[in-house]
Structures are given as C-alpha cells and as structure tokens.
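Student: Quick one: structure below, then a few questions.
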Amino acid sequence: MGTVPISRIWDDVRFGISHLGNISHVAVVAHAKWIEILTKVFGPLTKAKVQYFDKSEIEKAREWLRTAE
C-alpha cells in the first residue's frame, strides 16, 4: 500500500461532514503516526466515538465497529 492521495482524504472529510449527525463511530485504520495524532486531536471535536487502529489491527477495528453501541 502506498500513500493516499490528498483528494481521497478530502472526499472522506466531505463525506464525514455531510453525514456528521448520522455517524456514531469512526475507526481510523492507517500506518502513519501523523494520522494517529490527527485522530487524537480532531476526534474529540465530533459527537462520534473515534478510535485509531494500526493497519495490522484492521480486524480489531472491524470488531470495534460491529460491537459499537
């Protein structure tokens, strides 16, 4: 896996903003320290529960979303 184009990140941000009231949980899966830091900084700015997972923990992230309350 390579880097994600900024246009893709922007698409995700726009989607999140337009559906802000409908999203209760967000699992951010990546392998980049800067994304982990941004998740911790900006996660509290939303009503959704936001959690960072390393890409090696993708199944853990999926389980976290499946069991979300």
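Student: Hey, can you grab everything whose amide H is under 5 Å from the amide H of His25? Only 5+ residues off in sequence or another chain; H modelled, so Pro and N-termini drop out.
Tutor: Result for His25 returns Lys49.
Student: Could you give me the ³J(HN,Hα) list for segment 51-57, computed from phi with Karplus coefficients 6.51, -1.76, 1.60 and θ = phi - 60°, whole Hz, x at Gly and Pro?
Tutor: Along segment 51-57, the couplings run 9, 8, 10, 5, 4, 6, 10 Hz.
Student: While we're looking at this one, here's another question. Sequence-distant or interchain residues sharing an amide H contact under 5 Å with Phe53, placed H: which?
Tutor: Val28, Val29, Ala30
Student: Computing the accessible area with a 1.4 Å probe over protein heavy atoms, can you report the carbon and sulfur percentage for the chain?
Tutor: 61 percent
Student: Continuing with this model, one more query. In whole Å, what is the distance between the alpha-carbon centres of segment 37-63 and segment 1-34?
Tutor: A separation of 10 Å, based on Cα centres.
Student: So, one more: Rounded to the nearest whole Å², what accessible area per residue is found for the chain with the 1.4 Å probe?
Tutor: Heavy-atom accessible area per residue stands at 83 Å².
Student: Still on this model: So how compact is the chain: Cα radius of gyration and Dmax in angstrom?
Tutor: 12.1, 33
The values are calculated or read from the model by the stated rules, or taken from the named source; none is laboratory data. The structure presented is a predicted model; accordingly, all values stated were derived computationally and were not measured. Remember, those area values only see protein heavy atoms, side chains included, never the ligands or the DNA or RNA. Shrake-Rupley method; radii C 1.70, N 1.55, O 1.52, S 1.80 Å.
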